[in-house]
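Single-structure report; data block below.
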Amino acid sequence: MSSEGRDLRRISVGALARVEGEGAMRVSVHGGKVEEVALDIYEPPRFFEALLRGRSYTEPPDITARICGICPVAYQTSAVQAIEDACGVEVDPSIRALRRLLYCGEWIQSHALHIYLLHAPDFLGYESALELAKVVPDVVQRGLTLKKAGNDLMEVVGGRSVHPVNVRVGGFYRAPTPAELEALVEPLQRALQAAEETVQWVGSFTFPAFEHDHEYVALRHERDYPMEAGRMVSDRGLDIGPSEFEDHVEELHVEHSNALHAVLRDRGTYMTGPLARYSLNYDRLSPRAQEAARAAGLGETCRNPFQSIVVRAVETLYAVEEALSIIGSYRRPDPSAQEVPPRAGRGCGWSEAPRGLLYHRYTLADDGTIEEAVITPPTSQNQRAVEADLARFVEANLELDDQALTWQCEQAIRNYDPCISCATHFLQLQVERRP
């Protein structure tokens, strides 16, 4: 719907498809320059941090998993690591390996969902994945097969493919048997081929010539591509541990949004997520994933947000490889969980959700009661960067009519795979144009 007047041009989109959550976007243009871009996140706050206060230290893995149906493992992993940090417990390597395996399942299913069902239709000119499936059903079926491999892995390790119930502080309620994991090998081997084909497919898309220059922030591990462990680093010299996160990251309230905006103190806007992870950790990818990335047109860094779909495909390939590797050397934890006695303390934990770095911090009383909880999801960390990118993108495309500009803005938003139920999500677009 549009309305035009002498001094005002407004575009309003009632619903943005293929994202999760509720919000709006306003763009104001004056004299050919974008004066304001605001992502108005009007989905009501859910107050998980307040809800956790007064609860037992054993409850965050189950409660925080409900923040997101797409990346519950990220919330569970960051939560248990923060609680264990507060209690002074370091879990056995076999438990850490099983957590990483579960994380592989989440990356596979989440990336496959975004690539095939949410993002690829934009590049191919279709309104939805259903329309795409009518034209290339085999391609969409490949995506669903890939997603199922991730879901099956989450079910075996996590007890359920959505909101897993097997994760607990100290480890797992039950560790899968080697035979149960061995049954996943053949489907994962098929998924490996599907993942390689996915990288080739999305690498063939046409991408707008658009790049950003945000400070990239991601975890970096001494050996592995980061999922559940590492230090927080940036391409501009940041290198910190979990306990230092709040010394460097500040969350701000903004008038136009129910989502907080995170910035680096004295440094400003930054970006986390697949592009940052890839650019800071290319050397941690497997040779097979690196080769696939090069063949798809990526260098060792990537600053075009439209190519994030290619980076996600490369990460999917890596996650399938990593899952097969972990299963191949699996040693069943015995016991499946370590004892974690409560104590008064402050603990911090983080991990790399599919959408970027996710931080948790808990303050416990001596009996394990949670006195304070802080959760900083990746989408809220990226909000300022997304707004800045949209401002530049809109300004470069003002010659487009209302319908075309709206479509381009929606596609640009989906580059970041925003999970608005975690932090934000936008549904309405308004553009004001003044001479």
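General remarks:
- Only a single criterion out of (1) assigned to a loop (DSSP other than H, G, I, E, B); (2) over 30 Å from ALA133 (Cα atoms); (3) among the β-branched types (Val, Ile, Thr) is not satisfied by ILE70, namely (2).
Here's the yes/no breakdown for (1) in contact with a Pro (Cβ under 9 Å, 6 or more places away or on another chain); (2) aliphatic (A, V, I, L, M):
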position	(1), (2)
GLN76	yes, no
ASP85	yes, no
VAL91	yes, yes
ARG100	no, no
SER110	yes, no
HIS119	no, no
GLU127	yes, no
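- Residues in segment 138-173 that are within 30 Å of ARG343 (Cβ to Cβ), of a type in the set (Val, Ile, Thr) and assigned to a loop (DSSP other than H, G, I, E, B): VAL165, VAL169.
- Highlighted here are the strands (runs of 3 or more DSSP E) found entirely within segment 318-435 that include at least 3 residues which are modelled with pLDDT of 95 or more and over 15 Å from the mean Cα position of the chain (by Cα): 345-353, 356-364, 370-376.
- Residue within segment 199-208 that is open to solvent by 20 Å² or more (accessible area, probe 1.4 Å), of a type in the set (A, V, I, L, M) and either in contact (Cβ under 8 Å) with a residue 24 or more places away in the chain or touching a Gly at 6+ places or on another chain (Cβ under 7 Å) (or both) present: no
- In segment 122-154, residue surrounded by the fewest Cβ atoms within 10 Å (Cβ to Cβ) [restricted to those that are within 30 Å of ALA183 (Cα to Cα) and of a type in the set (Lys, Arg)]: LYS148
- Of the helices (runs of 4 or more DSSP H) lying entirely inside segment 174-263, those containing at least 2 residues that are touching a helix residue (DSSP H, G or I) at 6+ places or on another chain (Cβ under 6 Å) and more than 30 Å from PHE47 (Cβ to Cβ) span 178-182, 185-203.
- Being in contact with a strand residue (DSSP E or B) (Cβ under 6 Å, 6 or more places away or on another chain) and charged (D, E, K, R) is a property that holds for ARG384.
- LEU113 satisfies every condition listed in (1) surrounded by 20 or more Cβ atoms within 10 Å (Cβ to Cβ); (2) not in a helix (DSSP H, G or I) except (2).
- The set of residues in segment 119-137 being of a type in the set (Phe, Trp, Tyr) and either in contact with a Ser or Thr (Cβ under 8 Å, 6 or more places away or on another chain) or assigned to a helix (DSSP H, G or I) (or both) consists of PHE123 alone.
- In segment 231-244, the residues that are in contact (Cβ under 8 Å) with a residue 60 or more places away in the chain form Cβ pairs under 7 Å with partners that are in a loop (DSSP other than H, G, I, E, B), at six or more places apart or across chains, as follows: MET232/LEU238.
- Members of segment 264-285 found to be touching a residue at least 40 places away in the same chain (Cβ under 8 Å), over 21 Å from ILE115 (Cα atoms) and assigned to a loop (DSSP other than H, G, I, E, B), listed by number: ARG267, THR269
- Condition broken by VAL157, with the remaining ones in (1) open to solvent by less than 40 Å² (accessible area, probe 1.4 Å); (2) under 20 Å from GLY203 (Cβ atoms) satisfied: (2)
- Which listed residue, of ILE95, ILE83, is crowded, with 24+ Cβ neighbours inside 10 Å, in a helix (DSSP H, G or I) and among the β-branched types (Val, Ile, Thr): ILE83
- First in segment 357-379 and under 13 Å from ASP85 (Cβ atoms), second anywhere and open to solvent by 10 Å² or more (accessible area, probe 1.4 Å) and in a loop (DSSP other than H, G, I, E, B), Cβ under 8 Å, 6 or more apart: TYR362/TYR57; LEU364/TYR57; LEU364/PRO342; LEU364/ARG343; LEU364/ALA344
- Taken over segment 263-307, the criterion of being surrounded by 24 or more Cβ atoms within 10 Å (Cβ to Cβ), of a type in the set (S, T, N, Q) and under 29 Å from ARG190 (Cβ atoms) is satisfied by GLN307 alone.
- Per the listing GLY356, GLY368, the residue uniquely open to solvent by less than 10 Å² (accessible area, probe 1.4 Å), within 30 Å of ALA293 (Cα to Cα) and among the small types (Gly, Ala, Ser) is GLY356.
- Qualifying residue in segment 171-180 (condition: under 24 Å from PRO274 (Cβ atoms) and either in contact with a strand residue (DSSP E or B) (Cβ under 9 Å, 6 or more places away or on another chain) or buried (at least 16 other Cβ atoms within 10 Å of the Cβ) (or both)): no
The values are calculated or read from the model by the stated rules, or taken from the named source; none is laboratory data. From a predicted model like this one, the values you see are computed outputs, not experimental measurements. Cβ coordinates were reconstructed from backbone atoms using ideal geometry, including for glycine residues, and neighbour counts include every protein chain displayed. Each accessible area value is taken on the protein alone, full model and side chains, heavy atoms only, with ligands, DNA and RNA left out. Shrake-Rupley method; radii C 1.70, N 1.55, O 1.52, S 1.80 Å.
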